[in-house]
Structures are given as C-alpha cells and as structure tokens.
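> Supplied in structure tokens, the structure appears directly below.
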Amino acid sequence: MDFPWSDCGGLVSKGDILTGNPVPMLPLPLPVRLAFRNLLRRGNRFLFLLLLVAFSSLVILSLASLFDTLIFNLKRKASVYYGGDITVRGLKDRYTLIIEEPGPLMQALREVLPEGTVISPRINYRNTSTTLFFAGDSIRQRIVNGVDFREEAPMFDQVTFVEGSYKPLQDRTRKRPGILVSEPAAQLLKARVGDDLLLYIPTLSGQINTATVVLEGIFRDSSLFGYYTAYMEIETLRSLVRFPVGQCTDIAIFFPQSKPTEEGAVALQKALEPRFPMTPLFHRQQDLWNYRDRTEWSGTRYSLTTLDANLEKVNELLDAVRFIAYLLIGILGAIVFFGVTNSYRLTVFERRKEIGTLRALGMKKGTVMELFLAEGVFLTILSVLAGAGCAVLFLTVLSSIDFSFLAGFDIFLRGRRLQALPSLRALFLTFGVCMTAVMIALLKPTLMASSIPPIEAMREDHA
C-alpha cells in the first residue's frame, strides 16, 4: 500500500516521519527534498565526490578559460598585424593593392557596422629591401604598416611596449618622422628609444628614399607578427614611399570586444555588394589569391578578409592545441564518471536498509531513481560552484604575474600579463561536462537502488 505522503502537507520529509523529528521543508517535489536533506545531514558520505567534482571543475574551468584567453590575446595581436578583425582590400587590375577612393567605402562601413567599431585606413607596405641602420648595424623590415594612431589607439593600448609608446606618433604636426620596431629588431640594432635610425626604403616607383626616423617605441613581439614588422604614422609613410594622397591599401575594421562572427562577415559582404564591386567572401586567404589569378577583371574590386582567413596556418596549430585541451577535459570527465560510479555503488550498498524502508512505506521505483538523480544534480551544482570559486581565485593570481620574461610568450599577453578570467562559455562547458559525467555515472547505481525490494529493510532489522 502507498503511504499517504500528502498528509504531511510538504512540511516534513518522509525519512523524518520514521524518526519523529519533523524538519521544515520547502514545497518541492519529494525526491528533491529528500536529496537536499541527505546532502545537508550526511555530507561526509558525499565529501569524496564533492571534492572530486570540485577539483575537476577547477581544472576544466581554468583550462578552458586559459585557452580562451590565449586565443583572444593572440587574435588581438594578429588583428594589429594584419589590419583588423576584418580587412577590406582594394585589388586594382587584379594585382595592385590600392583603394583609390576610401571615403565612400568607409562611409558605407560606418552605416552598416555597430557603434564602437574602429574603421581605419592603412598603408600596408611590403618591400624586402626596406632596411633600418643604426651605429653600423642593420636589419631588414619585411613590412612597414602606415597607421592612423589616433583611430587605432584602443588596439595599440593592448600592445606591450618595452620602451616608449605609440602616443608620440598621434601628433600629426610633428616635424621629425617616428617609428615603432620590435624588441628583437631594437636589440640587433642596439638601439634605444630616442635614437635616430636611418631608414632605407624603396618608393612605389622603385627609387631609393632615405630618412632619419626617431625610435619612439619598442614593442615586445618576437613572433611572426612582429619580428620583421615596423609601424609608422600613415601620412609619414605615404610621403616616404610616394603613395598617392588620400589613398590606402587596406581599411582595418576592429569590432567592439573583438567578437566578430562569420555571420557578421557574410552580412557585411551582402551589405556592400549592391554598392561596390566585390570579390566573393573566402574563408582562406589563399582562396582569394587563387580567385584573383584565374579571374579576369579591370578596375578595382574590393575583398573582405576575416582574421581567421589571415590566420589559416596559425589556426591549424590552434586546432591541435584545442584537441589536446579537449582531450584533457575528456580525461577529467572520465575520472569524474568512474569516481561517481564506484562511490555510488558503495553508497547504494550502505543504504540498502534506508532504501528498503522507503520502498516498504510505498515509495515507487521511479521515485527512488529520482531521489538519486536529484542528489547527483545537487552534488554537481555545489561542486561546480566551489570549483568555479577556486578557479576565479587561481586565475586572478595567475593574471597578476608578469610573464614578459618568457621569450616568445608575449604574443599571448596583454600588457605583460594574461588577464585571464572565466568566461561564460567556459563555465557552461565545465557544468555540462561534469553534469553529463555524473548523470551517466549514476544510471547503473540508480537502477540498482530502485531494484532493492522492501524485504531488505526487514532483513536488516532481523540481523
């Protein structure tokens, strides 16, 4: 016969009717109330599982957050190097990189892009003969980027400078040209901020131009993004290489919070196509060059290149790192699974009398299963919250450490530090992995518990 649980009015738990100790309970479903009471009163029984899932949550959340932070910082550095989260290029007669009338294009971009988006013209000048000289030493600069430092200040604020800054180059009235170079380049030249460097740079027509430039900033970047790259004020570079007035090679687009999406690039492509001659949108930069080589056109066409397309080779490496990270997360999930499975098998054996008594009082098999699953849900929530708190503390301490002493690691830093904090994506991933592992692990023990016959309670009492 079923025990009349409804007579209790939801004020006491079933188990406490047996002991005569009524405890106020929330008006929740019975299995939820019992599960909550078991965790509160018999926490030592679940201590091992709480610690196991909390530790796994700490590691998973920290690992996922660190990976997200490293990728974000790398893409910030790459966007400065490549010229935006999305770069608009002008291809005149297929092979000449130039945007002859950037004004209408930039106006159209401002109309369709969200507020706060940085839209800035650039001159991306590539000539392997460009060389810097200082005190008898020299180094070639593969790329010199002409930048509007007033517009792109939010981007360069995230660049780590060993000495100096980009800010002196914001002064468009300055008489002497300035330049920013990477730390390895400055070390090879044995130059410091304030030194006068001799810049040897060919013009567009192939003539050689030389100029004395002031070293205004040395940025920390020994990666492919910065080693052979220098930055100058756009009008200064225009004058040195005789680039046409008012024209540029690229338009750099930096999205707020640096969160462009592939859908955003597609939407921008569709918005521009009715107004300007556009190439198709390609997901790989090489596909654009292949299209250019096999397609005939005269005049100028504009192409949109996303940062991911520019980072095609780097993304292959990141995919390998991502695979390793997910593999570690999977291993942690497996540890949680086996830990919960083994612990709950012992728990079911220890609680045979309790379960048998509840079954004898009329609790159905389905309710027993719901009881154990509710315990697993509460266990996971409490553990993930505890692990998340520890992860925040760990990442906060990690973010306070100056990692600029690690050679080559600067590409992953913002202002000498990681500045890592848990993201919602990482938190949802952690909760999903732990909850899935716990729920799957509970299936067999839960079936075992629901199959305990009421006679077990009498056997235990008789013993």
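Derivation of every value follows stated rules applied to the coordinates shown; laboratory data play no part. Note that the structure is predicted; figures quoted are calculated from it, not measured. FYI the Cβ positions are ideal-geometry reconstructions off the backbone, even for glycines, and counts take in every protein chain you see.
> On a full-extension model of 0.36 nm per residue, what is the gain between residue 158 and residue 140, subtracting their alpha-carbon distance, rounded to one decimal in nm? Write out the running numbers ahead of the final one.
On the way: separation 18, 0.36 × 18 = 6.48 nm, distance 2.54 nm.
Between residue 158 and residue 140, full extension yields 3.9 nm more.
> Going by a ≥ b ≥ c, the root eigenvalues of the Cα gyration tensor, does segment 44-99 fall in the rounded group (a/c under 1.5), the prolate group (a/b larger than b/c) or the oblate group?
Values: a/c = 8.91, a/b = 5.88, b/c = 1.51.
It is prolate, given that a/c is not under 1.5 and a/b is the larger ratio.
> With +1 on each Lys and Arg Cβ and -1 on each Asp and Glu Cβ, and nothing else charged, work out how big the dipole of segment 86-309 is about its Cα centre, in Debye to the nearest 20. Provide the component values of the computation, followed by the final result.
On the way: 26 positive and 27 negative charges, 92 e Å.
Roughly 440 debye for segment 86-309.
> Determine, for 75, 353, 313, the number of other Cβ atoms within 10 Å of each Cβ, and report the residues in order from fewest to most.
Details: 75 20, 353 16, 313 12.
Exposure proxy ranking, most exposed first: 313, 353, 75.
> Can you give the Kirkwood hydrodynamic radius of segment 99-141 from its Cα pairs, in Å with one decimal? Could you put the intermediate results ahead of the total?
Values: mean 1/r = 0.0728 Å⁻¹.
This gives a value of 13.7 Å.
> Still on this structure: Tell me the mean residue ellipticity at 222 nm calculated for the chain from its helices only (DSSP H runs of n ≥ 4, each -39500 (n - 2.57), averaged over every residue, nearest 500).
Working: 15 runs with 227 residues, N = 463.
Computed ellipticity for the chain at 222 nm equals -16000 deg cm²/dmol.
> In addition: Students often get this wrong, so check it: of 353/444; 270/313; 190/313, which have C-alpha atoms separated by over 24 Å?
Correct reply: 270/313; 190/313.
> Taking 30 Å as R0, compute the FRET efficiency from the Cβ-Cβ separation of residue 345 and residue 382 and round it to 0.05.
Details: r = 21 Å, r/R0 = 0.71.
Efficiency, rounded to the nearest 0.05: 0.90.
> Provide the FRET efficiency to the nearest 0.05 for the residue 45-residue 111 pair, computing r from the beta carbons and using R0 = 56 Å. Could you put the intermediate results ahead of the total?
On the way: r = 63 Å, r/R0 = 1.13.
Efficiency, rounded to the nearest 0.05: 0.30.
> Using the Cα centre of the chain as the reference point, and only Cβ charges (+1 on K/R, -1 on D/E), how large is the resulting charge dipole? Debye, rounded to the nearest 20. List each step's numbers first, then the result.
Numbers: 50 positive and 44 negative charges, 125 e Å.
Around 600 debye, computed over the chain.
> With unit charges on the beta carbons (Lys and Arg positive, Asp and Glu negative) and the dipole taken about the Cα centre of the chain, which residue among 34, 141, 306 sits farthest to the positive side?
Of the candidates, 34 comes out farthest on the positive side.
> Would you list which aspartates and glutamates come within 19 Å of residue 364, measuring only between C-alpha atoms, while excluding same-chain residues fewer than 8 positions from it?
Excluding near neighbours in sequence, the set is 2, 7, 16, 354, 375, 456.
> Tell me which residues come under 5 Å, amide H to amide H, from residue 209 once H is placed; ignore anything under 5 positions away on its chain.
201, 203
> List residues of segment 346-373, by number, whose backbone nitrogen lies under 11 Å from a label position 7 Å along Cα→C-beta of residue 448.
346-352
> Return the distance in nm (one decimal) between the two label points of a simple spin-label model at residue 315 and residue 100, each offset 7 Å from Cα along Cα→Cβ.
3.3 nm
> Taking +1 at the Cβ of each Lys and Arg and -1 at the Cβ of each Asp and Glu, which of 131, 106, 158 sits farthest along the dipole of segment 98-162 towards its positive end, judged by Cα position relative to the Cα centre?
131
> Further, regarding this structure: How big is the Rg/Rh ratio for segment 125-270, C-alpha atoms only, Rh by Kirkwood, two decimals? Mind showing how you got there, number by number?
Details: Rg = 15.9 Å, Rh = 16.1 Å.
Here Rg/Rh amounts to 0.99.
> Still on this model: Under 15 Å from a point placed 7 Å out from the Cα of residue 324 along the Cα-to-Cβ direction: which residues of segment 57-72 have their backbone N that close?
Residues 63-64, 66-68, 70-71 fall inside that zone.
> Sorted from largest down, what three extents in whole angstroms do the Cα atoms of the chain have along their principal axes?
The Cα atoms of the chain stretch 105, 51, 36 Å along the principal axes, largest first.
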